[in-house]
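Participant: Structure incoming, see below.
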Amino acid sequence: MIHDRLARPLGSLRVSVTDRCNLRCRYCMPEEEYVWLPKSSLLTFEEIARLTGVFAELGVTKVRLTGGEPLLRHELPNLVSMLRADRRLADLALTTNGVLLGRFAADLKAAGLGRVTVSLDTLRPDRMQDFARSSRHADVLAGIAAAGEAGFERVKLNTVVGRGFNDDELSDLVLFGERHHAEVRFIEYMDVGGATQWSREQVVSRAEILERVAARFGPITPQPDRDHPAAPAERFRLASGTTFGIIASVTAPFCASCDRSRLTADGTWFLCLYAAKGVDLRAPLRAGASDADLSALIRETWQGRTDRGAEERLGVREREVLYPVAALRADPHREMHTRGG
């Protein structure tokens with residue numbers, strides 16, 4: 001295992017398999033038009049598996065498949081099978097918006113996928129229509145049910161909390177997760193990538209989320225995840241035994257323990273969600289670089305890493321969106337749906 005200059009290990013890799021998505025959520029893809037990665041630039045499954053193997057040799061044990069919407073990538077269970085064959089990967093997971101999960105959950109489980117996280121920002125179909133420009137709320141719920149039936153090790157529900165949008169649903173979402181044996185994780189609305197309508201006033205903080213949940217359910221007890229100390233979510237337990245998590249990237253960044261990096265669908269490696277630039281791994285891969293060559297490039301880059309983007313943003317007094325629309329158009333790698341969020 002290798003470490004960066006702040007003693008953080010290279011332990012977790014998020015792999016985007018496509019920049020395309022079938023939703024248009026306001027915090028990620030609120031614009032009408034987007035610049036897409038050329039299909040010829042996308043890594044093949046064989047290339048993804050090879051690069052992942054190089055990362056595993058350097059200490060990565062956790063891989064999460066993301067997008068865009070990863071289930072838009074054809075034959076995704078085949079990639080899962082290829083990655084599962086690498087026994088160095090102890091944790092293989094997927095993040096999805098759930099729209100297509102009902103169709104693929106059983107195949108993904110059979111292929112060896114261990115865990116699933118489904119984005120569920122609201123329990124109200126009308127709000128999803130307004131917020132994500134989609135009428136497929138029922139398909140998301142069906143996908144969550146299918147994930148439960150498939151028998152994954154763990155199912156989580158990610159909820160980005162926005163003031164005036166869904167902050168009145170926190171308790172209902174906790175109860176929904178309880179009924180479906182899934183842990184809800186509330187995420188502070190972040191100012192990264194495609195969040196072109198972000199403002200500080202829309203952020204519902206970790207402290208406020210805890211206050212609102214406690215008002216409904218009573219005392220809340222911290223529940224540290226000792227098996228995953230670098231996990232981004234702080235976990236909490238209600239008196240009933242139900243647990244939920246909060247990812248407080250805006251008000252309480254966890255940069256000091258961050259062991260994650262991101263590989264885009266076209267092979268650009270980002271060391272931080274807020275990083276302006278990434279490292280092109282596709283070019284040397286396709287130019288004939290050996291695994292040793294790729295390993296040396298990754299090792300040297302990670303060992304020089306000093307990124308702590310969320311902490312630096314916390315210190316910005318007049319904090320606005322990270323990138324205006326024009327800057328996103330100039331480089332699609334800055335988009336959240338491209339770098340895998």
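Participant: Could you tell me which numbered condition Leu281 fails, if it satisfies all but one of (1) over 30 Å from Leu51 (Cα atoms); (2) among the hydrophobic types (A, V, I, L, M, F, W, C); (3) in contact (Cβ under 8 Å) with a residue 24 or more places away in the chain?
Facilitator: So the condition that Leu281 fails would be (1).
Participant: Tally the residues that are out of contact with any strand residue (DSSP E or B) (no Cβ under 7 Å at 6 or more places or on another chain) and within 16 Å of Pro222 (Cβ to Cβ), restricting the search to region 241-256.
Facilitator: So the count comes out to 4.
Participant: How about region 133-221: which helices (runs of 4 or more DSSP H) wholly inside it have at least 1 residues that are within 23 Å of Leu101 (Cα to Cα) and free of Cβ contacts under 8 Å to residues at least 24 places away in the same chain?
Facilitator: Here the list reads 137-150, 170-179.
Participant: Helices (runs of 4 or more DSSP H) wholly in region 223-322 with at least 3 residues that are out of contact with any Leu (no Cβ under 8 Å at 6 or more places or on another chain) and modelled with pLDDT of 95 or more - which ones?
Facilitator: Counting at least 3 such residues, we get 291-303.
Condition check ((1) touching an Asp or Glu at 6+ places or on another chain (Cβ under 8 Å); (2) closer than 19 Å to Asp266 by Cα) across all residues:
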| position | (1), (2) |
| --- | --- |
| Ala7 | no, no |
| Gly11 | yes, no |
| Arg14 | no, yes |
| Asp19 | yes, yes |
| Arg26 | no, no |
| Leu37 | yes, yes |
| Ala49 | yes, yes |
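Participant: Find the residue count for region 10-37, including only residues that are assigned to a strand (DSSP E or B) and open to solvent by less than 30 Å² (accessible area, probe 1.4 Å). Walk me through how you get there before you give the answer.
Facilitator: Restricting attention to region 10-37, the residues satisfying the condition of being assigned to a strand (DSSP E or B) are 12-16.
Checking the rest, the ones that are also open to solvent by less than 30 Å² (accessible area, probe 1.4 Å) come to 12-13, 15-16.
Total meeting the criteria: 4.
Participant: Somewhere in region 53-61, is a residue under 21 Å from Gly177 (Cβ atoms) and of a type in the set (Val, Ile, Thr)? Give the steps one after another, and end with the answer.
Facilitator: Keep residues of region 53-61 that are under 21 Å from Gly177 (Cβ atoms), which gives none.
No, the conditions are met nowhere in region 53-61.
Participant: Would you say Ser81 is open to solvent by less than 60 Å² (accessible area, probe 1.4 Å) and not aromatic (Phe, Trp, Tyr)?
Facilitator: Yes: the conditions hold for Ser81.
Participant: For the subset of region 133-183 comprising residues that are under 18 Å from Ser240 (Cα atoms) and under 18 Å from the mean Cα position of the chain (by Cα), which member is surrounded by the most Cβ atoms within 10 Å (Cβ to Cβ)?
Facilitator: Ala182
Participant: Additional query: Considering only residues of region 197-220 that are loosely packed, with under 13 Cβ neighbours inside 10 Å and of a type in the set (Gly, Ala, Ser), which is nearest to Pro232 (Cα to Cα)?
Facilitator: Per the criteria, the residue is Ala207.
The values are calculated or read from the model by the stated rules, or taken from the named source; none is laboratory data. Source: prediction; values computed, not measured. Here the Cβ is made from the backbone with ideal geometry for all residues, glycine too, and neighbour counts use every protein chain on show. These accessible areas exclude ligands, DNA and RNA; they are computed on the full protein's heavy atoms, side chains included. Shrake-Rupley method; radii C 1.70, N 1.55, O 1.52, S 1.80 Å.
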